[in-house]
1. How about Lys309: which aspartates and glutamates have a C-alpha closer than 12 Å to its C-alpha, ignoring those fewer than 8 places off in the same chain?
2. Between Lys173 and Arg76, take the C-beta separation as r, use R0 = 25 Å, and let me know the FRET efficiency to the nearest 0.05.
3. With a 1.4 Å probe and all protein chains left in place, how much of the accessible area of region 270-380 comes from carbon and sulfur atoms, in whole percent?
4. What does region 247-382 give for Rg and for Dmax, in Å, if only its C-alpha atoms count?
5. Ignoring ligands, DNA and RNA, what percent of the accessible area of region 49-99 is carbon or sulfur (1.4 Å)?
6. I'd like to check one number: the per residue accessible area of the chain, probe 1.4 Å, reported in Å² as a whole number.
7. What number, in nm² with one decimal, is the all-direction average of the projected area of the convex hull of the alpha-carbon atoms of the chain?
8. Work out the charge dipole of the chain with +1 on the Cβ of Lys and Arg and -1 on the Cβ of Asp and Glu about the Cα centre, then indicate which of Val55, Pro211, Thr133 is farthest towards its positive end.
Amino acid sequence: MIKKIVFFDYQALSEQVYDHYYFHRLLIEGYQVIYLDLTALYHPSLAKEVSFEGVAIHSIATTKQLKEFISNHNDRETLYVSRLTFTNVVVGLFRLFKKYNCKLAVFTRGGFPTLSKSQKLLNFNIKKYIRYTKMFFTLLLKKMCFFKTYDYIFNCGSSLYMIGVGWREDIKKAQITAVNTVDYEHIHNINKCCEGIENESYIVFLDEYYPFHPDLEVCSITPIPSEQYYSELNAFFKKMEQQFHLPVVIAAHPKAILYKEKNFFDGRQVFFGKTATLVKYCRFVLVHDSTALGFAVAEEKPMLFLNSKLIQRYMGENGQFIKFIAEYLNAPLVFYDDLQAILPTPLTDKEKYNQYKYDYLTNKDTEELSTEEIFIRTLKEL
């Protein structure tokens, strides 16, 4: 019987994780909830102290501390729940899970269509060569059972690949339980628009905080120049507003802390924590390649994908993926930095949307069920 649940990640615990992984419900049900924060071990410059009532947070800065923690929390009443993608970076961690025979679980939900191998090779460079080589040897070691694989997988649609390197090894042995994405359940529970704006009286832009996103440092990506990015984007928004006679409002990225200090969008309304609501009641959606586009799919909202020469120059993979996901959904795409471009009308291909829905947002067996209830019920059966 499971009594203790240890979530682990190399990011500090956030309110979003607390909510999306049902910490409050787990505490009510009497489980001991621990958060193993590995940020100081893997990304020291991003480490920070946070606290959440009822949750024991253990910050790990050395391999010795990690080994001591796992060796002291490896009984059969403890379940480790991963928030990490398995790559060569975390092989030491999963080697320890193997050594101490820990019970491991993971949620694979919120997946995204992925480029084919041939498409990925279009932007091939020495960094990718080194990364793929490391992944290849990691895969070989995983096939040789050097690392612990997952015992329990809570999966949505075609998202199993999110496990990471060698995911097919995991699904050979794991108990797989179908669930929905948080976004899919969340948007269907919304029943009123944001205060101050009317239903379908605006266009919403799904911001991704490209110039300042903290993951850029983690992924060693050169930031896109902020001044040019926002200048070109605002010029495009003005053009959209003139053509469609609707204001553009901004659904801020959850990590866009600088937006609280300065308006980067020429005074346009910026909303925090309201992305689902804004999408549900908008006329249509402007997006780069945010996973929040799942909200638009769930509500069958038209989308227009935004690319630019600047994105392609600094964030080539993102530029490539914007084109790919637009084609996947049969939705129009525009280079927003080309002010001479004819603005296409956002469209909805219901067949493509439906395919996306059951591949990445929900399952036909669970779309009317609650993932929270599925998770709690499964824990009680372990």
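The values are calculated or read from the model by the stated rules, or taken from the named source; none is laboratory data. All of these numbers come straight from a predicted model, not from anything done at the bench. No Cβ is skipped: glycine too gets one built from the backbone with ideal geometry, and neighbour counts run over all protein chains shown. When the accessible area is computed, the model is the full protein with side chains, heavy atoms only, and any ligands, DNA or RNA have been set aside. Shrake-Rupley method; radii C 1.70, N 1.55, O 1.52, S 1.80 Å.
1. Once the sequence-local aspartates and glutamates are set aside, what remains near Lys309 is Glu232, Asp337, Asp338.
2. Working: r = 17 Å, r/R0 = 0.68.
The pair Lys173/Arg76 has a calculated efficiency of 0.90.
3. Values: 2180 of 4810 Å².
On region 270-380, the fraction of accessible area on carbon and sulfur atoms equals 45 percent.
4. Calculated on Cα positions, Rg and Dmax stand at 17.4, 61 Å.
5. On the way: 1270 of 2730 Å².
The nonpolar share, carbon plus sulfur, comes to 47 percent.
6. Working: 18690 Å² over 382 residues.
Heavy-atom SASA per residue in the chain reads 49 Å².
7. Values: hull surface 77.0 nm².
Across all orientations, the chain yields a mean hull projection of 19.2 nm².
8. In the chain, that residue is Thr133.
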